[in-house]
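The values are calculated or read from the model by the stated rules, or taken from the named source; none is laboratory data. Just so it is clear, the model here is predicted, and its values are computed rather than measured. Counting neighbours? That spans all protein chains shown, and the Cβs are built from the backbone with ideal geometry, glycine included. Ligands, DNA and RNA are excluded from the accessible area calculation, which covers all protein heavy atoms including side chains. Shrake-Rupley method; radii C 1.70, N 1.55, O 1.52, S 1.80 Å.
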Amino acid sequence: KQWYQRRVAITAGEISEISHFFLTNLTRLCCYHRPFTILHTAMFFFGLLTCYLLTTCLLPGTTATSRADPDIDLININDIYGPGHVNTRCQNKICPVYTVQDAGLPSVIEVRDYQDSYWVSTTYYEPINGSCIEGEAMRALYIQLYNFYKGVNTMGLLIDRTLPVRVMRQFNREDNKNYCYTMFYLPEIYSMNPPAPLSVEIFMGYNYRKRCYTLQVKGRFSWKRATRLHEALLKFLKKKKITTTTNSDIILDIYTGYGVPLEEKYAEVLICDENVSYK
């Protein structure tokens, strides 16, 4: 497309030069040579008409093309990831790529196989009253994470916001404490040469492919509710003798922010296992 636009711009310029040359020579012919015949007059006005048409029809398009920024690309997400990965949940933003598996479980539980992916994460912070989505530390780190996408990185690169905002609680066996992380998904188009964060409290993480069991959380969500749903899902999977449920990490994927009407709020609770092998 860019090549075509440049080709059109060059062609218009060439035609403009030709018409200018044509008009100049006609003027000389009409003004400095005698006799000034009716044929000369017709050729003179034909030249004027040609210049006018070229100027009004071709050159404005050429000017607009020259002002276009080739570094700004409109990306159709469906062309990159295929249909099915962009839905109302993602609000036309880029989401992690996964495939849904039919595991014979109730419809409220969706089994997903996620591909390898990059995530930009905060350093760990301690939960406040058991919650990973409250407290000044979480808010301060979230702002740094947000700023990374707004150009505060080694490349000064502006990155379109992605969904979800993933908040995870992990249990550290060394000190028997829970720690929290907040992270944003990094689109695949940046995976080959991702920009590095400028803040020491933000780092780039790599998530290996994994299988996740997902529960939807519609309406008001809280960390307490996410914890209860996580425990219920874990208990159900153990009852079904699904041996991949040893992972006790709580993952809450948040798709809507503050100011969204209660009936439109949406999040998901995930239990994931990286040891599952799939193709």
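Values computed for the structure shown
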| item | result |
| --- | --- |
| Entirely in the stretch 87-170, the strands (runs of 3 or more DSSP E) that have 2 or more residues that are surrounded by fewer than 17 Cβ atoms within 10 Å (Cβ to Cβ) | 98-101, 109-114 |
| For Thr182: the one exception among (1) open to solvent by 80 Å² or more (accessible area, probe 1.4 Å); (2) touching a Phe, Trp or Tyr at 6+ places or on another chain (Cβ under 7 Å) | (1) |
| Scope the stretch 120-172; condition without any contact (Cβ under 8 Å) to a residue 40 or more places away in the chain and of a type in the set (A, V, I, L, M); matching residues | Ile128, Ala137, Ala140, Ile143, Leu157, Leu158, Ile159 |
| Residues satisfying the stated conditions in the stretch 187-235, i.e. hydrophobic (A, V, I, L, M, F, W, C), closer than 30 Å to Gly156 by Cα and not in a loop (DSSP other than H, G, I, E, B) | Ile189, Ile202, Phe203, Met204 |
| Condition broken by Gly257, with the remaining ones in (1) surrounded by 13 or more Cβ atoms within 10 Å (Cβ to Cβ); (2) part of a loop (DSSP other than H, G, I, E, B) satisfied | (1) |
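Per-residue answers, yes or no, for (1) open to solvent by less than 60 Å² (accessible area, probe 1.4 Å); (2) at pLDDT below 95; (3) more than 22 Å from the chain's Cα centre (by Cα):
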{"position": "Met204", "(1), (2), (3)": "yes, yes, no"}
{"position": "Lys210", "(1), (2), (3)": "yes, yes, no"}
{"position": "Ser222", "(1), (2), (3)": "yes, yes, yes"}
{"position": "Leu237", "(1), (2), (3)": "yes, yes, yes"}
{"position": "Thr243", "(1), (2), (3)": "no, yes, yes"}
{"position": "Tyr266", "(1), (2), (3)": "yes, yes, no"}
{"position": "Cys272", "(1), (2), (3)": "yes, yes, yes"}
{"position": "Asn275", "(1), (2), (3)": "no, yes, yes"}
